[in-house]
Amino acid sequence: MTEKIALIYNPSAGGGKALRRQGRVEACLEAKGIHYDLFVTESEAHLLETAEIVAENYPVILGAGGDTTLNIIATQILRNGKKNVLGIISLGSVNDLAREIGVHRLHKAANAIKYRQTREFDVGVVRAPQKSQPYYFLVSASLGLGVEVNRYVDIWMRKHPFFATFRSTSQGTAAMSAIRQAFKNKHVPLELTLECNGDRHSIVTALMIFGNISSYGGTFRISPTASPVSGKLDCCIFDFTSLAGVARVSLDIKRQKHLEKNTVKVLRGETFKIHSQKPLDFQLDGEIITLDGEVEIAILPKALTMFTFDHFSEEISPGGKRISIRKQN
């Protein structure tokens, strides 16, 4: 590969585990003959500033971090209207996107970069009248408990850095506390109106997810039909409005019975519009923003070129559903 390559490295990703893996990452890339300029970030603000500068000067950008790191880099590429190729070095706690496109293992990511295996992927976009620029997401946009859990866990981890070593277990414990607090403080359920495919729906729910991929939170495969190459978003509306309902729906999802039981309703579309009487918090790949009035959530087909280890194709099932098939090399 002859293009200039930038490696933006976020050492705080994965609760700080990325810092300990830096030598391994650099050794792997160098062993594959991948030459790059290294940019190690010191904070989220520094990451944003670095991504903006790098997007102007490097046609190939490798993001070493988690989903939020990749979102920040992708946002700078898209807002600047650039055609940079984005590579994922998966170092986060969840890594949903990297798993979806087959580059969650370091050697797979390095091979995809070395042999320039790329694909154009869809990107989600959020627009609101009061904001001059759109927001983007590669994985998902969520409302309700998706926001509450992310915010609580982030604060909890910063207050208890020792538990970052046991991040998976600690996150689960903190998430349950966040869910209880959200219902206790009446932050959920949410009441809103959703427009999709010419229909208007009155929604009361504690959790709504607009997914560009099939998994969420590293564990839950909520919408098996969601795919980053489908040209659609899957809006998943969870059928619970109380703490008692969380366990019921979670069990259905774990057993993959949630769709047949209709405990999670899925709407597929290219554009959704949300109307709410109150401002709403949205989580976009880990970033939390507050918007009010009419909010539009849509898909941008083939908006971002990324390195991938898998080849995707779209097929129609006998039942008429679109399903994404990944064919590994």
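Does Leu300 meet the test of being modelled with pLDDT of 95 or more, surrounded by 15 or more Cβ atoms within 10 Å (Cβ to Cβ) and more than 23 Å from Leu70 (Cα to Cα)? No. Only residues that are at pLDDT below 95 and either farther than 25 Å from Gly16 by Cβ or β-branched (Val, Ile, Thr) (or both) were counted across region 85-102, and they come to 3. The condition of being surrounded by 14 or more Cβ atoms within 10 Å (Cβ to Cβ) and part of a strand (DSSP E or B) holds for only one of Ile237, Ile179, that being Ile237. Among the residues in region 201-209, are any in a loop (DSSP other than H, G, I, E, B), in contact with a helix residue (DSSP H, G or I) (Cβ under 9 Å, 6 or more places away or on another chain), over 27 Å from Ala174 (Cα atoms) and not hydroxyl-bearing (Ser, Thr, Tyr)? No, that holds for no residue. If only residues of region 1-36 that are modelled with pLDDT of 95 or more and in contact with a Lys or Arg (Cβ under 7 Å, 6 or more places away or on another chain) are counted, the one that is nearest to Leu70 (Cα to Cα) is Ile34.
Listed by position, the strands (runs of 3 or more DSSP E) contained in region 94-157 that have at least 1 residues being more than 22 Å from Thr271 (Cβ to Cβ) are 118-127. Within region 274-293, residues that are surrounded by fewer than 18 Cβ atoms within 10 Å (Cβ to Cβ) have Cβ atoms under 6 Å from residues that are outside any strand (DSSP E or B) and acidic (Asp, Glu) in these pairs: Pro279/Asp292, counting only partners at least 6 apart in sequence or on another chain.
Going through region 212-228 one residue at a time, which ones are surrounded by 20 or more Cβ atoms within 10 Å (Cβ to Cβ) and either more than 20 Å from Lys261 (Cα to Cα) or of a type in the set (D, E, K, R) (or both)? Show your work before the answer.
Within region 212-228, the subset surrounded by 20 or more Cβ atoms within 10 Å (Cβ to Cβ) is 212-216, 222-223, 226-228.
Once the filter is applied, which keeps residues that are surrounded by 20 or more Cβ atoms within 10 Å (Cβ to Cβ) and either more than 20 Å from Lys261 (Cα to Cα) or of a type in the set (D, E, K, R) (or both), region 212-228 yields Asn212, Ile213, Ser227, Pro228.
Search region 180-192 for residues that are closer than 23 Å to Gly293 by Cα and pair each with any residue that is of a type in the set (Gly, Ala, Ser) and not in a loop (DSSP other than H, G, I, E, B) when their beta-carbon atoms are under 9 Å apart and the residues are at least 6 apart or on different chains. Pairs that qualify, where the first residue is closer than 23 Å to Gly293 by Cα and the partner is of a type in the set (Gly, Ala, Ser) and not in a loop (DSSP other than H, G, I, E, B), are Ala182/Gly144; His187/Gly144; Val188/Gly144; Val188/Ala182; Pro189/Gly144; Leu190/Gly144; Glu191/Ser202; Leu192/Ser202. Which condition breaks for Thr75 when tested against (1) of a type in the set (Ser, Thr, Tyr); (2) at pLDDT 95 or above; (3) not in a helix (DSSP H, G or I)? Result: Thr75 passes all but (3). Do we find a residue being closer than 26 Å to Met176 by Cβ and assigned to a strand (DSSP E or B) anywhere in region 241-264? There is at least one residue in region 241-264 that is closer than 26 Å to Met176 by Cβ and assigned to a strand (DSSP E or B). Just one residue in the set Ser142, Ser43, Ser90 is farther than 25 Å from Phe309 by Cβ and in the same structural domain as Tyr9 (by TED's automatic domain parsing); that residue is Ser43. In region 92-105, of all residues being of a type in the set (A, V, I, L, M, F, W, C) and in contact (Cβ under 8 Å) with a residue 40 or more places away in the chain, the one that is farthest from Arg119 (Cα to Cα) corresponds to Val94. Scanning region 1-17 for residues that are among the small types (Gly, Ala, Ser) and farther than 19 Å from Phe307 by Cβ yields Ser12, Gly14, Gly15, Gly16.
Of everything in region 19-72 that's assigned to a strand (DSSP E or B) and over 20 Å from the mean Cα position of the chain (by Cα), which residue is surrounded by the most Cβ atoms within 10 Å (Cβ to Cβ)? Outline the logic, then answer.
Going residue by residue through region 19-72, those that are assigned to a strand (DSSP E or B) are 37-40, 60-65.
Next, from what is left, pick out any that are over 20 Å from the mean Cα position of the chain (by Cα): 37-40, 60.
Working: Asp37: 12, Leu38: 15, Phe39: 20, Val40: 15, Val60: 22.
My answer is Val60.
When we screen Lys159, Lys82, Lys114 for residues that are at pLDDT 90 or above, of a type outside the set (A, V, I, L, M, F, W, C) and either at positive phi or surrounded by fewer than 24 Cβ atoms within 10 Å (Cβ to Cβ) (or both), the only hit is Lys114.
Rundown of residues vs (1) among the β-branched types (Val, Ile, Thr); (2) without any contact (Cβ under 8 Å) to a residue 60 or more places away in the chain; (3) surrounded by 23 or more Cβ atoms within 10 Å (Cβ to Cβ), yes/no style:
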position: Leu78; (1), (2), (3): no, no, no
position: His107; (1), (2), (3): no, no, no
position: Pro134; (1), (2), (3): no, yes, no
position: Ser142; (1), (2), (3): no, no, yes
position: Asp154; (1), (2), (3): no, yes, no
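The values are calculated or read from the model by the stated rules, or taken from the named source; none is laboratory data. As the structure is a prediction and not an experimental result, all values here were calculated from the model. Note that we place each Cβ from the backbone using ideal geometry, even for glycine, and neighbour counts take in every protein chain shown.
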